[in-house]
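K.L.:
Can you keep this structure in mind? I'll have questions shortly.
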Amino acid sequence: IKMTWLLYVIFSQFVILSSGSSFGDMKALMEYLESNNTKNIRPRFNQSNPLDIYVQVRLYTLADFDVSKGKLTLALSFYFSWLDELKSWNSTNFGRISRASVPADYVFIPDMALYTSLSESNKLIGNDVTKENVKINQSGNVHVVVNGLFEVLCEPDVKMFPFDRHTCRLKIPANRPRTEIRLNSKYAILDDVMQSNTRWMYESSTHEIIETMGSYDILHYDITFRRSSFFLALNLVVPICILSVVNSLVFLMPVDSDEKVSFSITLLLSFVVFVSAVSDKLPEASEPCIFNVVIIVQLVYSSVITLSVIALSRYEGDADSHLKTLDCNCHGHKNKVDYIKDESEVQMKSSKTINKKKCCIGSCAIVCFICFMLFVVIEIIVMAAMLVK
């Protein structure tokens, strides 16, 4: 049994060595491909036939999205493949070599660019930009892979900030008419190895091929992603709701409290700070953001509360001044009996006046509290609906 196993191992190694290619075979293949240099000729025996280019995109991570600048940063791989009819070979003539990695100058490489790129050069492949070796097999199938971080233009949609969802488009146009080059793509963006991002969550992608006026193909890849809104909801939405509720509670403070005005002004300044914080995160020329509108409404709401508190405080102050006026008139009497009589009447009148005005102020405060709290409840329901959506 041991002898049989040994003979099997020796025979297997002999077969592997006898079927392997040598340095001379690879050198001969390279010389053949170099001598048959057709990089400036579209690789078709019949030049009236178009060259079909197959494109595939793989997404590794959604690195960053600058909403204020509309700049999306993606880690991508672009796969391009086509059939080069002028570069096929018979593997039996070259030590059964069925595939090889050759310099880009040996084969025809179409100029393909990422139209929405923000880089100085948006070209992906081409004989003037491709410096790495390309893969080619004995049938003439050429494969080129481009990896890297790509910054692309993306128009942000911040209408639902901080629960916003964006769709960005990658455009890959053909550099020749459809009669010469046709673009093909079977699948949307591959996301099987994608790594998650803490700020942005990838959702889906679609693709389509559009024939533009002039018969040039343009390949579109649409990427949809949304913001991870938990952090902003915790630091913006929740404080706004709490401040809205607390702002209404100023009407429940005692009527003769001296801190109502300062308290309402402090909350008004807090809303001003939140408006500034939200504005820094939004693009300057974007459509109105619902959350920003809500904060502006809250700012107006807080201003109305402050003015209401000031008006009620002045009304209360008028009641106190009226009491002091009656008291001074009472002290102007010289007759002691008249003075005692007038003082008792003044106290009765002033107590009735004060009670009446305090009751009026309290009723107005309760009505204001109910109205503003209804507004706050409606606002919270709207924010919850935005979150669910």
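Rule-based calculations on the coordinates, nothing more; no lab input. Remember, predicted model here, so these are calculated numbers, not experimental data. Because the Cβ atoms are built from the backbone with ideal geometry, glycine has one as well, and the counts that use them run over all protein chains shown.
K.L.:
From the square roots a ≥ b ≥ c of the eigenvalues of the alpha-carbon gyration tensor of the range 60-123, which class results: rounded (a/c under 1.5), prolate (a/b over b/c), or oblate? Before the final figure, lay out the partial values.
P.N.:
On the way: a/c = 4.60, a/b = 2.76, b/c = 1.67.
Prolate.
K.L.:
I would also like to ask the following. Please work out the FRET efficiency for the pair Val297 and Ala75, using the Cβ-Cβ distance as r and a Förster radius of 45 Å; give the result to the nearest 0.05.
P.N.:
E(calc), rounded to 0.05, equals 0.65.
K.L.:
Take the residue pairs Lys87/Lys171; Lys69/Lys131; Lys131/Lys171; Lys71/Lys159 and return only those whose Cα atoms are more than 26 Å apart. Walk me through the numbers on the way to the answer.
P.N.:
Numbers: Lys87/Lys171 30 Å; Lys69/Lys131 32 Å; Lys131/Lys171 23 Å; Lys71/Lys159 17 Å.
Violating the 26 Å limit, Cα to Cα: Lys87/Lys171; Lys69/Lys131.
K.L.:
Which whole-number percent gives the relative contact order of the range 86-170, counting Cα pairs below 8 Å spaced six or more residues apart?
P.N.:
Numbers: 112 pairs, mean separation 25.5, N = 85.
Here the relative contact order equals 30 percent.
K.L.:
Here's something else I'd like to know. So how do 294-302, 192-200 stack up, highest first, on mean other-Cβ count within 10 Å?
P.N.:
Numbers: 294-302: 18.4, 192-200: 11.7.
Highest mean packing first, the order is 294-302, 192-200.
K.L.:
Further, regarding this structure: What is the distance in Å between the Cα centres of the range 66-101 and the range 121-146?
P.N.:
About 5 Å separates the Cα centre of the range 66-101 from the one of the range 121-146.
K.L.:
Rank-order 124-135, 31-42, 52-63 by packing density, defined as the average count of other C-beta atoms within 10 Å over each peptide's residues, highest first. Before the final figure, lay out each step's value.
P.N.:
On the way: 124-135: 15.4, 31-42: 12.5, 52-63: 18.8.
In descending order of packing, they fall as 52-63, 124-135, 31-42.
K.L.:
Working out 0.36 nm times the residue gap between Tyr60 and Leu374, then minus their Cα-Cα distance, what length gain in nm do you get to one decimal? Provide the component values of the computation, followed by the final result.
P.N.:
On the way: separation 314, 0.36 × 314 = 113.04 nm, distance 4.75 nm.
Length difference between fully extended and current span is 108.3 nm.
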